[in-house]
1. Need pairs with beta-carbon distance below 6 Å; first residue touching a residue at least 24 places away in the same chain (Cβ under 8 Å) and over 13 Å from K33 (Cβ atoms) and within the range 212-233, second part of a helix (DSSP H, G or I) and of a type in the set (S, T, N, Q); sequence gap 6+ or separate chains.
2. Which members of the range 190-225 meet the condition of being more than 12 Å from the chain's Cα centre (by Cα) and closer than 20 Å to L92 by Cα?
3. On the given criteria, is R90 surrounded by fewer than 18 Cβ atoms within 10 Å (Cβ to Cβ), at negative phi and among the charged types (D, E, K, R)?
4. Just for the range 50-86: of the residues that are under 24 Å from the mean Cα position of the chain (by Cα) and without any contact (Cβ under 8 Å) to a residue 40 or more places away in the chain, which one is surrounded by the fewest Cβ atoms within 10 Å (Cβ to Cβ)?
5. Restrict the check to the range 308-316 and report whether at least one residue is in a helix (DSSP H, G or I), closer than 21 Å to R203 by Cβ and basic (K, R).
6. Just need a number here: residues in the range 100-126 that are basic (K, R) and part of a helix (DSSP H, G or I).
7. Return the residues of the range 256-280 that are at pLDDT 90 or above, surrounded by fewer than 23 Cβ atoms within 10 Å (Cβ to Cβ) and either closer than 21 Å to V32 by Cα or in contact with a strand residue (DSSP E or B) (Cβ under 9 Å, 6 or more places away or on another chain) (or both); say none if nothing qualifies.
8. Using beta carbons and a limit of 9 Å, which pairs, at least six apart or on different chains, have the first residue in the range 171-192 and among the basic types (K, R) and the second one surrounded by 22 or more Cβ atoms within 10 Å (Cβ to Cβ)?
Amino acid sequence: MRRLPGWLPRVAIWPLAVLVNIIAAGTASAHVKWFCAYDQAGQPRGLENVLCPDFEFLVGLSILGLMAGALFEGTTIGAAMLRAIDRATRLLYENSELVLRAACGFFFISIWAVGGVLLTPELKTSAPIVGAIHLGIAASMLSRRTMPLGGLGIATLFAIATWQYGAFHLADYPIFLGVAGYLVLVGLGKDELFGMRPVDVLRWTAGITLMWASIEKWAYPEWSFPLLLTHPRLTLGLDPEFYMRAAGAVEFALAFALIWTPLVRRVAAVMLTGMFVSAVAEFGKIDMIGHTLIVAVLLALIADRGSEHKLVRHPWLAPVGYASALAAFLSLYYVAHAAIYGTSVL
């Protein structure tokens, strides 16, 4: 196992966090199942291998970054930064629904044109009805009144995919259910459901999607190794094992930040958007089409400013929340995988 250099923990936290974000951008943004062979039922790396000194250091760095962001948000400069983001994203805030509808239309027309795809590139289907549903969803985006039908169509496709590929595989993609819920709520004119606004449904499902994907980077780093061989500049000369741990740590921290306080979540959404958009140059149109919806969701989260008063949390809760989420997702992933596929947790 690659050990961290002795001097590394003593360097400045913020420059290192930026560096890790840069090196992780490629594999954090390119969904490896779209480009490489994978074995969903295979034995994941044991937790004793995942929970190593490298991992502990990266988790500690993530906690410090989240705490710093939460503390900064409560300052005068943090408040000024929020106002600046509000001004910069005013047009996007006023038109976020239109952006999401356009993204849905583009996405479902694109996968209809490709053919044989069920929601994402690795989910294949030969059922003719799926193409018709794709076109129906795209058409439903033309009017707010028909948006609920589009949401129902997305939920139907998700159910078909779950039946064909299993619930564990589709745990990668709860963002689709979030988009479906958003379309239904907005189309029906519902401002809230059980205290959650439509954009909050997007935020939580995006965070859950990316946190789950992060666990996969730690459990199956070998899936990405062929990708790193064909795109060697992504690693900047780092050991692939450490690189994958860093990619997972960055993605998990930013995904968790999406469900935290306003400035923290909006800055995290900016960083994630940059990662997804920059990956298009490296991985091409499949990556661009596949991530259209999540990029549109992230843009809506960057512009969102409607519930700041409901999300005031003490900065010292950040490490507790992050550690709890990390433990919960690791446990759920490994226990569910062992129960479904008969693999070992340790």
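The values are calculated or read from the model by the stated rules, or taken from the named source; none is laboratory data. Everything numeric in this text was worked out from a predicted model, so none of it was measured. Ideal geometry is used to build each Cβ from the backbone, glycine not excepted, and the neighbour counts take in all protein chains shown.
1. What qualifies is L228/T235.
2. D191, R197, P198, V199, D200, V201, listed by residue number.
3. Details: surrounded by fewer than 18 Cβ atoms within 10 Å (Cβ to Cβ): yes; at negative phi: yes; among the charged types (D, E, K, R): yes.
For R90, the condition - surrounded by fewer than 18 Cβ atoms within 10 Å (Cβ to Cβ), at negative phi and among the charged types (D, E, K, R) - is met.
4. E56
5. Going residue by residue through the range 308-316, those that are in a helix (DSSP H, G or I) are 308-310.
Checking the rest, the ones that are also closer than 21 Å to R203 by Cβ come to 308-310.
When the remaining residues are screened for being basic (K, R), the result is 310.
For the range 308-316, residues in a helix (DSSP H, G or I), closer than 21 Å to R203 by Cβ and basic (K, R): present.
6. Initial filter on the range 100-126 (basic (K, R)): 101, 124.
Checking which are part of a helix (DSSP H, G or I) leaves us with 101.
Matching residues across the range 100-126 total 1.
7. The answer is M271, T273.
8. Listed pairs, sorted by first residue: K190/P198.
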